[in-house]
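Below: the structure, in structure tokens.
The values are calculated or read from the model by the stated rules, or taken from the named source; none is laboratory data. Here the structure is a predicted model, which means the values were calculated and not measured. Don't worry about glycine lacking a Cβ; one is built from the backbone with ideal geometry, like all the others, and counts go over all protein chains shown.
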Amino acid sequence: MRLSQAMGRRLIAAVPTLWLLLLFLIPFIIVFRISFSEVRLAIPPYTPLLGWHHGAPQIEVHWSAYSFLFTDPMYVSSYLYSLKVAAVSTLCCLLIGYPMAYAIARSGPATRPLLLMLIVLPFWTSFLLRVYAWIGLLKNNGVINNALLSLGVIDHPLALMQTDFAVYIGIVYSYLPFMILPLYANLEKHDLALLEAAADLGARPWRAFLSVTLPQSLPGIAAGSLLVFIPAVGEYVIPTLLGRPDQLMIGRVLSDEFFENRDWPVASAVAILILLLLIVPIMVFQRVERRQLEGLP
Amino acid sequence: MKPRGLLTRVALTLGLVFLYVPILSMIVFSFNNSRLVTVWDAAHSPTLKWYGVLVHNEQILTAAWLSIRIAVTAASAAVVLGTLAGVALARLGAFRGRLLLAGMVTAPIVMPEVITGLSLLLMFVALGQLIGWPKGTGAVTIALAHITFCMAYVTVVVQSRLAGFDESLEEAAMDLGARPLKVFFRITLPLILPAIASGWLLAFTLSWDDLVITQFVAGPGSSTLPMVVFSKVRFGVTPDVNALATILVLLVATGIAISTVWMRYQQRRRERDLQLAAAANL
């Protein structure tokens, strides 16, 4: 019985681990490996890792995909643009989401579940359709322009679609719940006695907020910001539907390299470079998340 | 104290308006007669015209049916795998490979979707060459991909639920001589059942909604609903998509309302049981 118990315990962890090895880790190793190949007209469309040279097996590593990415300024500018868009959107999410999370955390226990439900509900409806809704609002003869025109605020429609502004709106709109929920989870746990103590000691509300609430909520800010920033860097749908056609984000570049140009090594190299960029944020996120799950400070 | 309370409440109200105006505008314009979507045709509206167009659109219906089948499969498999992973991480203590599992299981949540999609497709292609399976991409590869990213969410939900309970109940059952499997089915599983249920719903929604990963691992003839919608809206606004959105919002709102009421009921029952137990102990 002891033996079967140990076997059972091992099996519980082994099944999901094996699944993730096969469908998560190995796929990355394959992407890594293909990024060091050269494109060729064959099936599969890249050079094999193990080549034959004068009758002896030889590992062939090509840097051409990477050197290509650094010689064409389009790729570098897409990377920088994606970072900028993700950073600005994360900041906007934080500035909008923090007061909202704060208001929910300080509202009465009866209204809190209702408010949380209102925050989460859009998330359960289709992401794609919510982005699509903004096309109807932002386009030249869309709802916003029609309203402003009929109110006489503007004479001719504002160009809102296919701008950086439209992409920011789309990302902030789609990812706002991901910012609010971790912030709420953090703010809700705060000990209000500390604020009272600060007030008793003569601190004005703003000062009490800055020196008591804000520092305590840093883990929530970190979790929320990373949950927005990391996926936003690789965002594909929002910039494709709302963004500028002349400045692509890096997720779109990856997809185009793969589907339009059929250049698997370059698409893989783009993926590896995005990962290199995000590996630190991802590890920080996992650390914050693990502490949260395991109840550590 | 007062002014700040007011300020954050105004911010909350404005934020909620921001979250709901786009959804409401889709609902309103789904009843608009005009093909110009955002120009209200007062003479002939409201109309159910676009709902009629929608239910006669074979392409959308076929895609929706495929999406439902994939989402049910993916959610059910993800719940099994995610529960195993969640139990392992929350209850097995330090075991070999713990860090590996913990690291891999939350990564798909934040990983940009284009990377997950590309890597899964390249893996399927490599596997197909190596062992001859899968033969090309389609519903099966979509489901496998969805299971993988959905199980991450289930794991987090189950693990955080288990973290909220200490192990004393399970230990007590063990001390009384229950075998581990029995402990799991009689104690642990009922405790985490709400987490498993919400994990399944979350996984279903994520699978049903996914576009980017699906586009990579889908093959010819296996277009899911988001793929069909995306190819439609990429070239402009179409009124029947508004009708589709309205139907989805209604379904989701009803589902959430029902589950909220059910959870309230469960909560009350649990509180009553606890009170009874406390009274019996006196």
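Restricting the search to the range B:158-174, which residues are under 13 Å from B:Val87 (Cα atoms), assigned to a helix (DSSP H, G or I) and more than 12 Å from chain A (Cβ to nearest Cβ)?
Result: B:Glu170, single match.
Somewhere in the range A:21-33, is a residue more than 30 Å from B:Ala94 (Cβ to Cβ), away from every other protein chain (no Cβ under 11 Å) and modelled with pLDDT of 90 or more?
So in the range A:21-33, the residues more than 30 Å from B:Ala94 (Cβ to Cβ) come out as A:30-31, A:33.
If we keep only those that are away from every other protein chain (no Cβ under 11 Å) as well, we get none.
The answer is no; no qualifying residue exists.
Give, as residue ranges, the helices (runs of 4 or more DSSP H) completely inside the range A:113-230 that count at least 3 residues that are under 30 Å from B:Met111 (Cβ atoms) and within 11 Å of another protein chain (Cβ to nearest Cβ).
Working: elements: A:127-138, A:143-151, A:164-187, A:192-200, A:205-208.
Qualifying helices (runs of 4 or more DSSP H): A:127-138, A:164-187.
Select from the range B:96-113 the residues that are at the interface with another protein chain (Cβ under 7 Å from one of its Cβ atoms), buried (at least 16 other Cβ atoms within 10 Å of the Cβ) and not in a helix (DSSP H, G or I) and list them in ascending order.
Matches in the range B:96-113: B:Pro112 only.
Does at least one position in the range B:181-197 carry a residue that is among the aliphatic types (A, V, I, L, M), within 9 Å of another protein chain (Cβ to nearest Cβ) and within 30 Å of A:Pro239 (Cα to Cα)?
no
Restricting attention to the range B:52-67, does a residue exist that is modelled with pLDDT under 85 and farther than 23 Å from A:Arg130 by Cβ?
No, the range B:52-67 contains no residue that is modelled with pLDDT under 85 and farther than 23 Å from A:Arg130 by Cβ.
Kindly evaluate B:Val125 against the criterion of being buried (at least 17 other Cβ atoms within 10 Å of the Cβ), facing chain A (nearest Cβ under 10 Å), over 17 Å from the mean Cα position of the chain (by Cα) and without any contact (Cβ under 8 Å) to a residue 12 or more places away in the chain.
Yes: the conditions hold for B:Val125.
Name the one entry in B:Ile23, B:Ile60, B:Ile68, B:Ile27 that is within 28 Å of B:Leu248 (Cα to Cα), in contact (Cβ under 8 Å) with a residue 40 or more places away in the chain and facing chain A (nearest Cβ under 9 Å).
Of B:Ile23, B:Ile60, B:Ile68, B:Ile27, the one residue that is within 28 Å of B:Leu248 (Cα to Cα), in contact (Cβ under 8 Å) with a residue 40 or more places away in the chain and facing chain A (nearest Cβ under 9 Å) is B:Ile23.
Could you tell me whether B:Thr155 is on the phi < 0 side of the Ramachandran plot, surrounded by 24 or more Cβ atoms within 10 Å (Cβ to Cβ) and either assigned to a helix (DSSP H, G or I) or in contact with a Gly (Cβ under 7 Å, 6 or more places away or on another chain) (or both)?
When the stated conditions are applied, B:Thr155 passes them.
Give A:Gln286, A:Gln292 a once-over and let me know the one that is without any contact (Cβ under 8 Å) to a residue 12 or more places away in the chain and facing another protein chain (nearest Cβ under 9 Å).
Selected residue: A:Gln286, the only one of A:Gln286, A:Gln292 that is without any contact (Cβ under 8 Å) to a residue 12 or more places away in the chain and facing another protein chain (nearest Cβ under 9 Å).
Any chance you could count how many residues in the range B:130-150 are more than 7 Å from chain A (Cβ to nearest Cβ), more than 15 Å from A:Ile230 (Cβ to Cβ) and assigned to a helix (DSSP H, G or I)?
So the count comes out to 11.
Counting residues that are touching a His at 6+ places or on another chain (Cβ under 9 Å), of a type outside the set (Ser, Thr, Tyr) and assigned by TED's automatic domain parsing to the domain that holds B:Ala85, which helices (runs of 4 or more DSSP H) fully inside the range B:186-282 reach at least 1?
B:189-209, B:212-217
Would you mind stating whether B:Leu89 is at negative phi, in contact with a Phe, Trp or Tyr (Cβ under 7 Å, 6 or more places away or on another chain), surrounded by 14 or more Cβ atoms within 10 Å (Cβ to Cβ) and in the same structural domain as B:Val157 (by TED's automatic domain parsing)? Before the answer, list the steps.
Values: at negative phi: yes; in contact with a Phe, Trp or Tyr (Cβ under 7 Å, 6 or more places away or on another chain): no; surrounded by 14 or more Cβ atoms within 10 Å (Cβ to Cβ): yes; in the same structural domain as B:Val157 (by TED's automatic domain parsing): yes.
So B:Leu89 does not fit the description; no.
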